[in-house]
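The values are calculated or read from the model by the stated rules, or taken from the named source; none is laboratory data. Predicted, not measured: the structure shown is a model, and the values here were computed from it. In this analysis, Cβ positions are derived from the backbone assuming ideal geometry, glycine residues included, and neighbour counts consider all displayed protein chains. Calculation scope for accessible area: heavy atoms of the full protein, side chains included, ligands and nucleic acids excluded. Shrake-Rupley method; radii C 1.70, N 1.55, O 1.52, S 1.80 Å.
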2 protein chains.
Amino acid sequence: MDDVAVRRLAALAQGTRVKIFKALMRAGPDGLAAGVLAERLEVAPNTLSAHLSVLSEADLVSARREGRMRIYAVELEAVSQLLSFLVDDCCQGNPEVCAPIAARSAMSGC
Amino acid sequence: MDDVAVRRLAALAQGTRVKIFKALMRAGPDGLAAGVLAERLEVAPNTLSAHLSVLSEADLVSARREGRMRIYAVELEAVSQLLSFLVDDCCQGNPEVCAPIAARSAMSGC
DNA sequence: CCGTCATTTCAATGAGTAGTGAAATAAATT
DNA sequence: AATTTATTTCACTACTCATTGAAATGACGG
């Protein structure tokens, strides 16, 4: 559990990858083709592929084939698990301490 | 904005640091002394200090002095910002897509 | 089947980072 | 002031990781 979270955080802890992640978050379940991402983010295809592989091994994104392109999409379930991991058991079980902060974060814009 | 988030993710993307972070999350605003953390997590004091410094520069934790010990506590506001960053603008502005997932995550256990 | 498009794999290089022992700082106690 | 306690800073080593060019794989159209 703990290990998975670190792997996911590491996958996101990089400038290019976090941009990829956010682009895929915006795209939602439909996802985006690797080539589209490469062009949109101005990243070399091979570099992008390496980053997608990291995100993929962390299960933060999944890939499917469509014709000759490969479509990547965010794994919302994994994102949800990651957010939960970061905040669960917080404030010694006193919700009122951080409830006001929790209120305006966490997928509220989603 | 983007840069801050990556810095914070990088700070959390490490086994020892994520344990420190979770311990401090559990402790809440009261925080924990560096020494207590070192003993509880079985980390050498100098190693711990380096990790706390990383978390601190990412503004995920703050430090205060109390007697001769230094007390570290989580910065809930920063945590909140980080969670928001990860999920905002998601699913092309179609809340219904990820709302069910959002429901059971994000400071819900808090 | 042959060429082309989309993407990945490989090998190599340079940059950043975790951990350690030893020394330094800082505050309280005697 | 000297000593002990709590923590940080320093210098160093080993390791991991991002990026790049070149070659390889896989799928489609002629």
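What whole-number value in Å² describes the accessible area per residue of the stretch A:2-103 for a 1.4 Å probe? Mind dumping the intermediate values first?
Values: 4830 Å² over 102 residues.
Using a 1.4 Å probe on heavy atoms only, each residue of the stretch A:2-103 averages 47 Å².
Provide a whole-number value for the mean count of partner chain Cβ atoms within 10 Å of the Cβ atoms in peptide A:10-22.
Values: counts 7, 2, 8, 10, 4, 6, 1, 2, 8, 2, 0, 2, 8.
The per-residue average across the peptide is 5.
Can you give the charge dipole size of the stretch A:2-103 about its Cα centre, rounded to the nearest 20 debye, using +1 on the beta carbon of Lys and Arg and -1 on the beta carbon of Asp and Glu? It would help to have the intermediate numbers written out before the result.
Numbers: 11 positive and 13 negative charges, 127 e Å.
Using Cβ point charges on Lys, Arg, Asp and Glu, the stretch A:2-103 gives about 620 debye.
Please list 3J(HN,Hα) in residue order for the stretch B:75-86, calculated via the Karplus relation 6.51 cos²θ - 1.76 cosθ + 1.60 where θ = phi - 60°; whole Hz, with x for glycine and proline.
Per residue, the Karplus-derived 3J(HN,Hα) values read 9, 4, 4, 5, 4, 4, 4, 5, 4, 4, 3, 5 Hz.
Measuring from label point to label point, each 7 Å out along Cα→Cβ, what is the A:Ser62 to B:Ala63 span in nm?
4.4
Below 8 Å, C-alpha to C-alpha, sequence gap of six or more: please give me the relative contact order for the stretch A:2-103 in percent. Don't skip to the answer; put the middle values down first.
Values: 93 pairs, mean separation 28.2, N = 102.
Relative contact order comes out at 28 percent.
Quick one: which residues, 5+ away or cross-chain, put their amide H under 5 Å from the amide H of B:Arg70? H built at 1.01 Å from N.
Amide H neighbours of B:Arg70, under 5 Å, 5+ apart: B:Ala34, B:Gly35.
Name the residues whose placed amide hydrogens come within less than 5 Å of the amide hydrogen of B:Gln14, ignoring near sequence neighbours (fewer than 5 apart) on the same chain.
Here nothing satisfies the definition.
Would you kindly work out, in nm and rounded to one decimal, the distances from the label point of A:Ala50 to those of the same position in each other copy, ordered shortest first, with label points 7 Å along Cα-to-Cβ?
2.4
Between A:Asn94 and B:Thr47, what is the FRET efficiency for a Förster distance of 30 Å, r being their Cβ-Cβ separation, to the nearest 0.05?
Working: r = 30 Å, r/R0 = 1.02.
For A:Asn94 and B:Thr47, the calculated efficiency is 0.50.
Using a 1.4 Å probe over the heavy atoms of the protein chains, calculate the carbon and sulfur portion of the accessible area of the stretch B:2-103 as a whole percent. Can you show the working numbers first?
Working: 2350 of 4860 Å².
Of the solvent-accessible surface of the stretch B:2-103, carbon and sulfur hold 48 percent.
A plus B alone minus the pair: what accessible area, both sides summed, probe 1.4 Å, in Å² to 100?
Working: alone 7370 and 7390 Å², together 10690 Å².
It comes to approximately 4100 Å² buried between A and B.
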